[in-house]
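Structure, as structure tokens:
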Amino acid sequence: MRQSCLVRKPVSPVVLVTGTSSGVGLALAHRLAKLPYRVVATARKTSLDQLRASGLHEDKNFLLRPLDVTCAAERVALLAEIAERWGGVDLLVNNAGIAYSAVVEEMTEEDEALQQATNYLGPMALTRLVLPHMRAQRWGRVINVSSVSGMMAMPTMSSYSASKFALEGASESLWYEMKPWNVCVTLIQPGFIHSSSFQNVYWSKVFAERSVEASPYRAYYKNMRPFIARLMNLSMTTPESVAKTIVHTMQRCRPPLRVSATPDARIFYLLRRLLPRAVYHNFLYRSLPGVSGWIDEGTPSSTQDVAQH
Ligand SMILES: NC(=O)c1ccc[n+]([C@@H]2O[C@H](COP(=O)([O-])OP(=O)(O)OC[C@H]3O[C@@H](n4cnc5c(N)ncnc54)[C@H](OP(=O)(O)O)[C@@H]3O)[C@@H](O)[C@H]2O)c1
């Protein structure tokens, strides 16, 4: 039988979006509210009021629901409710994400686990829950919000990069696995977005016990954090424009596996592709802010050194 005979594209597709309390997710929820979709906009319980305060209101085609993507019970309960009400999810947008800012040596196992659970394990678990319905109707879309950090890594962002590299790898596998079922998988790759989300960066638990000043890596943080904040400030791309790119991708007949969502993402993609690896890494290293002064005479090599001063 030809595949087209089996395809049942929904007239008013059901969209589930994660992390809609701020930034890209919030802009996407507002945009979707005006379109002919049935929408489930989700946020962690603690952020639901923030979502309501933004002017989003529930109606028969627009639901606001609690979802912490790291919580299996919440994922299962929500999917059961959607299946009962609307049959299942036709489009999943895995947008929720967090970003730790810490060098490898100063991440704790607990921090690593939360970073991976939020940006990789949770989205994959949610994806597993929506696929059976999409396969059954031979139509579906999984859109994973990745990052330029999913193709390049920066110092102090190791765990975040690892989570996005993992998301990229799994999504690429899934793209092959789902193609025969007419389920399209897309990675949205924003670079720097003009938003306040850098204020949401997570600090390693290490810094609950000692100050950044006591870190042998203090100059890394002193240089990298304002540098990233500055690049975000300079960016012309807003959460609204990324949301527009996501909606455009949702509406395409054959969405591609990867979509760059900011101009710098396109530049980094080209640099990565065209430059020989050693040249690329050395170029980026030399572009790091103040890198020649990251270790100077006064830098403690351990936290004990600081205590002795
Ligand atoms: N901002 C950038 O420059 C940039 C660049 C590249 C990629 N991205 C990616 O774009 C996506 C959206 O980021 P954004 O810039 O809009 O950041 P944001 O404003 O910090 O939004 C992140 C959202 O994720 C939610 N979230 C965090 N942990 C969650 C959990 N366990 N369960 C459910 N929701 C959770 C947050 O909700 P709470 O309010 O509950 O914390 C918030 O709504 C992320 O995947 C991010 O990695 C952002």
- Message: Give me the helices (runs of 4 or more DSSP H) completely within the stretch 47-136, filtered to those with at least 2 residues that are at pLDDT below 95, ordered by residue number.
- Response: 48-53
- Query: Restricting the search to the stretch 137-156, which residues are within 19 Å of residue 120 (Cα to Cα), assigned to a strand (DSSP E or B) and either in contact with a Phe, Trp or Tyr (Cβ under 6 Å, 6 or more places away or on another chain) or more than 15 Å from the ligand (Cβ to nearest atom) (or both)?
  - Reply: 141
- Select from the stretch 20-41 the residues that are closer than 19 Å to residue 88 by Cα and either β-branched (Val, Ile, Thr) or within 13 Å of the ligand (Cβ to nearest atom) (or both) and list them in ascending order. 29, 39, 40, 41
- Query: Does residue 285 satisfy the criteria of being within 22 Å of residue 152 (Cβ to Cβ), in contact (Cβ under 8 Å) with a residue 60 or more places away in the chain, of a type in the set (Ser, Thr, Tyr) and assigned to a helix (DSSP H, G or I)?
  - Reply: no
- Taking only the stretch 190-233 into account, find how many residues are of a type outside the set (Phe, Trp, Tyr) and within 12 Å of the ligand (Cβ to nearest atom). 15
- Message: Looking only at residues that are away from the ligand (no atom under 11 Å from the Cβ) and within 23 Å of residue 242 (Cβ to Cβ) in the stretch 66-96, which one is surrounded by the most Cβ atoms within 10 Å (Cβ to Cβ)?
- Response: 89
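Scan 120, 160 and give me the residue that is more than 27 Å from residue 254 (Cβ to Cβ) and within 16 Å of the ligand (Cβ to nearest atom).
Values: 120 fails: more than 27 Å from residue 254 (Cβ to Cβ).
Criteria check complete, one pass: 160.
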- Note on the structure: Across the stretch 166-187, the tally of residues that are crowded, with 23+ Cβ neighbours inside 10 Å and not aliphatic (A, V, I, L, M) stands at 3
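The values are calculated or read from the model by the stated rules, or taken from the named source; none is laboratory data. Bear in mind the structure is a predicted one, so any value in this text is a computation, not a measurement. Counting neighbours? That spans all protein chains shown, and the Cβs are built from the backbone with ideal geometry, glycine included.
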